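Chemist: Let me begin by handing over the structure; questions about it come next.
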Amino acid sequence: MMRAMYSGVAGLKTHQTKMDVIGNNIANVNTVAFKSSSTTFSEIMYQNVSGASGPSATTGRGGVNAKQIGLGVTTGSTTVNISSPGSAQTTGDGFDLMITGDSFFVVNNGSSNLFTKAGAFYIDGAGNLAMKSTGYNVMGWQVDPVTGDIRKDMVSPLKIMTENNLTSPPEATTNATCGGILDRNSTAVNSDKGYAMSLSFVDALGYQFTAKFAVRSTKEKGEYTVELEDIMDVNGTSVKDLYNVDDLASIVSFGEQITQQDTANYNLKENVRFDPNGDPATGNPPAYYRSMSFPEFVTDGQNRVSGFTYRVTAAANGQAVPAEGTMGPVSASVLQKNYSVTYDPENNTYYNNGIEITDDEWRNILGVPADGTNGITGFTVNKEVDGSMTFTLTQDFTLMDGAEIPAGSTDFSIYEVPITNQADAYEGLDTSDPNKTYDIRVTPTGIAQVTSTRTFTGSYLKFDVDTGLFVSIGGADSIKLDFANNVNDRLGNNQSLQSFSDIDIDFTTTKWFENGGSSTMGMDPGAVDGETGKGKKLGDLIGLSVSNDGTIWGSYDNGNTTLLGQIAVAVFANPSGLEKVGENCYQTTLNSGEFDGIGQDITADGGKMTSGQLEMSNVDLSTEFTEMITTQRGFQANSRIITTSDTLLEELINLKR
């Protein structure tokens, strides 16, 4: 009876243990990556009342089994259901990771490596990838600084937000594309300045530059010149000034040096006289003179009174002297300084705001400078009864430098000024283009034959005149901005240009179509695919992501994506042999297998990491509640063993009565 009672006690204890396990499973039904446990029972031992005997041929008796009495039950094992995955919960957080497969994340608590299925991570204040719940560092592999690939060495904390990772290095532009439509009727392409295009590019240091091009038509149908005019930085400063050189060609070449000539005839401008003889006595060459009217340099309000009409006579000293002039009846519209003047014809008197105007005050009213100013002398006023006035004014004007009064002329309002710049003497002739030289040959009649010569850096762009499609640029599909390696500046210093990369510009997508007189041809960095060789400025980190294989990538605002590290995982021969240490973590035991310190790629055994999801608990409530019922019944039955044994003992004790 005592044995039965103790067996009941053992049964109670064992079922209580199982209930504890069930309770823990249910309590963690919503714990991230929690793995449920199950309990198995085993017998304790047996008491042999009699041993077994075998059959005997001598006696003819058969064998007898051993007589054994069990002594109760104990907990055989508690097994973690570690291989059964929990359901996925979508969080949208890129650093919430769910492992598919039997592997574990490797984390470090500062003293040892632990293992977990709970992938709720974040970037801590030190820039490390860590567990949200504990702050344990997530372990993985670093990027080899030489190759840029993952170096699978001993795992170490994944420090993502380092100074090196916050920016992505710039890349120099190496390719560009010229595309669009060039309309032969475009005003710009047929002008001297040409149709303007620009190409923005970056050098290897991330500095941005703009190359300026001009497209000009030639005399050949379907043929144009594409010319490099300048390269400027973001401040509009030419690279010639940046490197203190005189010639853009010493920094960069584009195509070849091309010389173009054009010859045209020009006629003299109106009022221009050509003297083919010049002055043989002084050796002066043939000269040009422009006839001008005297009032052209004696303007109203400056050297003469407004409203006057001048006659010019020649003085002995070669000066032009204006004679007296007359002005009609006085009205406020011809008076200066906004005076209110009225006239009283009965008294032949003028009033200013009701006050009579004296002769001396007329000088101020009319704005006539005092004697001695600009050669003015002898200002007098003569009033007439009909309301008009006669003014007498003498003023001397010195002729402009080089001007002469033609001999024998009776109209002294005409004089001549020599023209030193021949371009000013001919209609339509412009010699201001610094890229051109001009050879002007003048006939005895004054007609000029002008040959302009222009030398530029560039190439010929040709289109098929029947289809309008691109044929060639310099005989090829592309042309190169070819930068020198270095340049000597004006001071003789050698300056490196190696931050620039040569840029190959593809013209194959250009077309020669009618487009309403408007051209759309333009240049963009990058090859025809829009990306190759585009070049990139220095990039700032704007995003992080984790791929299915655990690689961590940084995204930058210059378009770069850079590998920053890889999360390693641990795989064990017997994952159920791992020991739970709380906080969703496990540690190795003698029966789990050891961690080699390196780990492996999660894809090695067909697993993957899913970003933005977490693995939930694998607790099955229906199973747990069923187990709870059977455990309760087992506990109840074992309690009956104790009460029944107690009743038997009571009966035994009552025998002595």
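The values are calculated or read from the model by the stated rules, or taken from the named source; none is laboratory data. Since the structure is predicted, the reported quantities are computational estimates derived from the model, not experimental observations. No Cβ is skipped: glycine too gets one built from the backbone with ideal geometry, and neighbour counts run over all protein chains shown. Note: accessible area is taken over every heavy atom of the protein model, side chains too, but ligands, DNA and RNA are not part of it. Shrake-Rupley method; radii C 1.70, N 1.55, O 1.52, S 1.80 Å.
Chemist: Out of every Cα-Cα pair in segment 570-657, what percent are more than 19 Å apart?
Modeler: Cα-Cα pairs of segment 570-657 separated by over 19 Å account for 70 percent.
Chemist: Could you tell me the calculated FRET efficiency between ILE44 and GLN632, based on Cβ-Cβ distance and R0 = 22 angstrom, to the nearest 0.05?
Modeler: Efficiency for this residue pair is about 0.50.
Chemist: From the gyration tensor of the Cα coordinates in segment 1-159, what semi-axes in whole Å does the equivalent ellipsoid have, largest first, with each one equal to sqrt(5λ)?
Modeler: Those come to 55, 21, 14 Å.
Chemist: Just how large is the dipole of segment 166-287 about the Cα centre, in debye to the nearest 20, putting +1 at every Lys and Arg Cβ and -1 at every Asp and Glu Cβ?
Modeler: Here segment 166-287 has a charge dipole of around 400 debye.
Chemist: What distance in nm separates the simple spin-label points at ASP540 and GLU270, each placed 7 Å from Cα in the Cβ direction?
Modeler: In this crude spin-label approximation the distance works out to 6.3 nm.
Chemist: What's the extension gain from ASN108 to ALA88 if we count 0.36 nm per residue and subtract their Cα-Cα distance?
Modeler: Length gained between ASN108 and ALA88: 4.7 nm.
Chemist: Please compute P(r) over all alpha-carbon pairs of segment 73-177, binned at 10 Å starting from zero, and give each bin as a whole-number percent.
Modeler: In order of increasing distance, the bins hold 12, 32, 29, 15, 8, 3, 1, 0, 0 percent.
Chemist: Of all the Cα-Cα pairs you can form in segment 407-548, what percent are over 20 Å apart?
Modeler: 75
Chemist: Along Cα→Cβ, 7 Å out, is where each label goes; now give me the distance between the ones at LEU205 and ILE355 in nm to one decimal.
Modeler: Result for the modelled spin labels: 7.3 nm.
Chemist: Alpha carbons only, please: Rg and Dmax for segment 141-281, in angstrom.
Modeler: When restricted to the Cα atoms of segment 141-281, Rg and Dmax are 26.8, 100 Å.
Chemist: Run the reach check for LYS269 against lysines, Cα to Cα strictly under 28 Å, same-chain hits fewer than 8 apart removed. What comes back?
Modeler: LYS193, LYS219, LYS436
Chemist: Stretch ALA126-GLN257 to full length: gain in nm at 0.36 nm per residue minus the Cα-Cα span?
Modeler: 41.3 nm
Chemist: For segment 421-457 and segment 582-599, what is the centre-to-centre distance using only Cα atoms, to the nearest Å?
Modeler: So the separation of the two Cα centres works out to 91 Å.
Chemist: Based only on Cα atoms, what mean projected area does the convex hull of segment 233-272 have, in nm²?
Modeler: Value for segment 233-272: 6.4 nm².
Chemist: How much length would be gained if the chain were fully extended between ALA57 and THR451, taking 0.36 nm per residue of separation minus their Cα-Cα distance, in nm to one decimal?
Modeler: Using 0.36 nm per residue and subtracting the Cα-Cα distance, I get 127.6 nm.
Chemist: I want the local charge near ASP233. Using Cβ-Cβ distances under 14 Å, sum +1 for each Lys or Arg and -1 for each Asp or Glu among the other residues.
Modeler: Result for the local shell: 0.
Chemist: Got a sec to turn the phi values of segment 129-144 into Karplus ³J(HN,Hα) couplings, 6.51 cos²θ - 1.76 cosθ + 1.60 with θ = phi - 60°, whole Hz, x for Gly and Pro?
Modeler: Once rounded to whole Hz, the list reads 7, 9, 6, 5, 6, 10, x, 4, 6, 7, 9, x, 10, 9, 8, 5.
Chemist: Let me ask something additional. What FRET efficiency would be calculated for the residue pair THR74, VAL146, taking the C-beta separation as r and a Förster radius of 41 Å, to the nearest 0.05?
Modeler: 0.10
Chemist: For ILE653 paired with ASP192, estimate the spin-label separation in nm (one decimal), with each label point 7 Å from Cα along the Cα-to-Cβ line.
Modeler: According to this spin-label approximation, the distance is 13.2 nm.
Chemist: Looking at the square roots a ≥ b ≥ c of the eigenvalues of the Cα gyration tensor of segment 188-250, which shape do they give, rounded for a/c under 1.5, prolate if a/b is larger than b/c, or oblate?
Modeler: prolate
Chemist: Per residue, how large is the accessible surface of segment 1-134? Use a 1.4 angstrom probe and give square angstrom.
Modeler: 51
Chemist: Additional query: If R₀ is 41 angstrom, what is the calculated FRET efficiency for the pair ASP482 and ASN235, using the beta carbon separation as r and rounding to 0.05?
Modeler: 0.95
Chemist: Another one. For segment 494-563, would you read off the P(r) tail past 16 Å as a percentage of all alpha carbon pairs?
Modeler: 69
Chemist: Taking the C-alpha atoms of segment 145-201, how large are the radius of gyration and the largest Cα-Cα span, Dmax, in Å?
Modeler: Taking only Cα atoms of segment 145-201, I get Rg and Dmax of 24.0, 70 Å.
Chemist: Sticking with this structure for a sec: Once you list every other residue whose beta carbon is under 11 Å from the beta carbon of MET609, what net charge do they have if Lys and Arg are +1 and Asp and Glu are -1?
Modeler: -3
Chemist: Still on this structure: What net charge is computed for the residues neighbouring GLY577, neighbours being all others with C-beta under 15 Å from the C-beta of GLY577, Lys and Arg scored +1, Asp and Glu -1?
Modeler: Surrounding charge for GLY577 is -1.
Chemist: I've got another one for you. Over segment 48-113, what is the mean sequence separation of C-alpha contacts under 8 Å (at least six apart), divided by residue count, expressed as relative contact order in percent?
Modeler: Relative contact order for segment 48-113 comes out at 20 percent.
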